[in-house]
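This report refers to the structure that appears directly beneath it.
The values are calculated or read from the model by the stated rules, or taken from the named source; none is laboratory data. Just so you know, these numbers come straight off a predicted model, no measurement behind them. In this analysis, Cβ positions are derived from the backbone assuming ideal geometry, glycine residues included, and neighbour counts consider all displayed protein chains.
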Amino acid sequence: MFRKIITISLAVAAGIAVHARELGPTSVLMPMPASVVMPSGKALSVSDAAIVRSTLPSDHRLLSVYGEIMTRHFGDGAGVDAYIGVDTTMTGSEHYRLEVDSVSLRLCGASEEALFRGLQTLDQLLWGDAVMTASGNVSPIIIDDAPAYPRRALMLDPARHFLPVDDVKRFIDVMASYKYNVLQLHLTDDEGWRVAIEGHPELTEGTDHYTASDIADLIDYAAQRYIEIVPEADIPGHTSAVLGVHPGLGCHIADSAALASAPGNGVMVCAANDSVYALYDDVIRSIASMFPSPYIHLGGDEAAIERNWALCADCRRMMSERGYTDAAQLMNDFFGRMLATVRSCGKKAILWCELDNIYMPAEKYLMEYPADVTLVTWRNGLTPKCIELAAAHGNPLLMAPGEHAYLDYPQMRGDLPEHNNWGMPVTTLRQAYAIEMPSAANVTGVMGTLWGEAINDINRAFYMAYPRAMALAEAGWTPESRRSWDSFRRRLPGALGRLMERGVSFRVPFESFDR
Ligand SMILES: [Zn+2]
């Protein structure tokens, strides 16, 4: 009997040992780096007298970030001998190399941005290597890493439910950990106009919105984390908010007043009204001056052309002048003028990719997108066609296919959102992970979208985003040959633990584990 009990205890101990072996520097890395080598050899010792050498000035923010990481894992004043520096011989703006041996830790990057990405990896290494860290050691490792795609984006939608500046900052903080480098803000829609426009106080009067100084504050906060903020002002549909303020900018159709006061009913600004172009000339110029991003997103999605332009006397006159048979052809004229303004501001436009049908079969673009317009593929079922057309026309393409990247969709049947759910398809974590990234040169990256109809505050935004945003981060950063669902799944528990420690809401993906 005694012997038998001992045997069981040993089995339990062996079980623990197996789990302990799974802990290690790579056990919570998100996204997985391009190259990881773990040489055998003595660990690097932590001390209270560690020296940090750097090419950066001693008051540089990156050195503070490094200091915070050391303090978080080893306590006040403790650290390791280290070198942190920009290496101008390295290529690729985000390429970094992190090496730990028994003598020191060395982090080199092609740029300060690259060093920041490398620091995120270091933070995760030490979190994953908790056993070594607790004993005051860092395991030897060599990581050589750079992103597979230049743009890894998440999108927030403060137009539907306003998100205060501090909440957006918190979101930026967390996305930076997973090496995202773009945050798109969907700033205008039917439900609200959320950005102050110079010379047009009427657009934001009496509504929650970001002032010019809020925007500057957000841009600065994001820039310190090497994240670019891309502004979106959606036209010609999704414009109830602006039409509520300027009803004369809508089409002259029988029920325009009723449509304008009912969000989501698909009113559009008129294509044949010069005042529309005059207002948006101011809007685009104002946004261009506020946001340093080279891009302005102008929407272009879900335009209810048949319910607006096709019924409007002014739009119909414009059609006949141009010999058009289809009101959708006016999109070329409409965006022709809007894009001219974007170009005159020295910016490039991004548009949601729309085809001649919202389901397959679809054959061509809804309009003739000029080659300098970046498109975002988003509609369920249309992505293969959008990839094909973007390649043929030379448009840069960002991947946000609804099947994988719509983070407002429930993560499992019966899960949130509990309100404003229009019958959204389920997008499981595994399905988010399964996004296929084309290797075509015009594909610039990936974007997870958090449409805000059913996301009413930042905790809900986090819950919907994580852990699926980790899956998309890996699709955007990690080379295809190193992406693996099984590996991702093994790294999840530790990565989610880190989110919990930071007080970040997320959904436990219990269906992804063996039970
Ligand atoms: Zn019209």
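Observations
- Scan region 263-286 for residues that are at pLDDT 95 or above and either at positive phi or more than 16 Å from the ligand (Cβ to nearest atom) (or both) and the total you get is 6.
- Filtered by the rule that a residue be loosely packed, with under 14 Cβ neighbours inside 10 Å and touching a strand residue (DSSP E or B) at 6+ places or on another chain (Cβ under 6 Å), region 41-54 gives a lone residue, 53.
- Residue within region 288-302 that is aromatic (Phe, Trp, Tyr), free of Cβ contacts under 8 Å to residues at least 24 places away in the same chain and closer than 29 Å to residue 424 by Cβ present: no
- The residues on offer are 302, 306, 321, and the sole one that is among the charged types (D, E, K, R), assigned by TED's automatic domain parsing to the domain that holds residue 268 and surrounded by 14 or more Cβ atoms within 10 Å (Cβ to Cβ) is 302.
- Scanning region 340-354 for residues that are more than 15 Å from residue 274 (Cα to Cα) and either assigned to a helix (DSSP H, G or I) or within 15 Å of the ligand (Cβ to nearest atom) (or both) returns 342, 343, 344.
- The set of residues in region 355-376 that are surrounded by 19 or more Cβ atoms within 10 Å (Cβ to Cβ), among the hydroxyl-bearing types (Ser, Thr, Tyr) and part of a loop (DSSP other than H, G, I, E, B) contains only 369.
- Any hit, region 131-153, residues being of a type in the set (A, V, I, L, M) and under 18 Å from residue 465 (Cα atoms): yes
- Among the numbered conditions (1) modelled with pLDDT of 95 or more; (2) in contact with a Pro (Cβ under 8 Å, 6 or more places away or on another chain); (3) surrounded by 21 or more Cβ atoms within 10 Å (Cβ to Cβ), the only one that residue 260 does not meet is (1).
- Residues of region 448-465 that turn out to be assigned to a loop (DSSP other than H, G, I, E, B) and in contact (Cβ under 8 Å) with a residue 60 or more places away in the chain, as a count: 6
- The residue of region 22-66 that is farthest from residue 140 (Cα to Cα), among those that are part of a helix (DSSP H, G or I) and of a type outside the set (Ser, Thr, Tyr), is 61.
- Any pair with Cβ under 6 angstrom, 6 or more apart, that starts in region 24-35 at a residue that is at negative phi and ends at one that is acidic (Asp, Glu): 25/129; 31/474; 33/145; 34/145; 35/144
- Residues that are more than 28 Å from the chain's Cα centre (by Cα) and part of a loop (DSSP other than H, G, I, E, B), drawn from region 290-337: 308, 312, 323, 324, 325, 326
- Residue selected from region 163-215 under the condition of a type in the set (Val, Ile, Thr) and in a loop (DSSP other than H, G, I, E, B), by the criterion surrounded by the most Cβ atoms within 10 Å (Cβ to Cβ): 197
- Among the residues of region 287-319, the ones that are away from the ligand (no atom under 11 Å from the Cβ), polar (S, T, N, Q) and farther than 13 Å from residue 349 by Cβ come to 1 in all.
- For residue 415: the one exception among (1) under 22 Å from residue 163 (Cβ atoms); (2) crowded, with 23+ Cβ neighbours inside 10 Å; (3) not hydrophobic (A, V, I, L, M, F, W, C): (2)
- Positions within region 185-217 being aromatic (Phe, Trp, Tyr) and farther than 16 Å from residue 239 by Cα, in sequence order: 210
- When 166, 145 are checked against the criterion of being within 23 Å of residue 227 (Cα to Cα) and without any contact (Cβ under 8 Å) to a residue 24 or more places away in the chain, 166 stands alone in meeting it.
- Selection from region 320-336 of residues that are out of contact with any strand residue (DSSP E or B) (no Cβ under 9 Å at 6 or more places or on another chain), within 13 Å of the ligand (Cβ to nearest atom) and closer than 20 Å to residue 281 by Cα: 330, 331, 333
- Just one of (1) within 12 Å of the chain's Cα centre (by Cα); (2) farther than 23 Å from residue 409 by Cβ; (3) surrounded by 23 or more Cβ atoms within 10 Å (Cβ to Cβ) fails for residue 125. It is (1).
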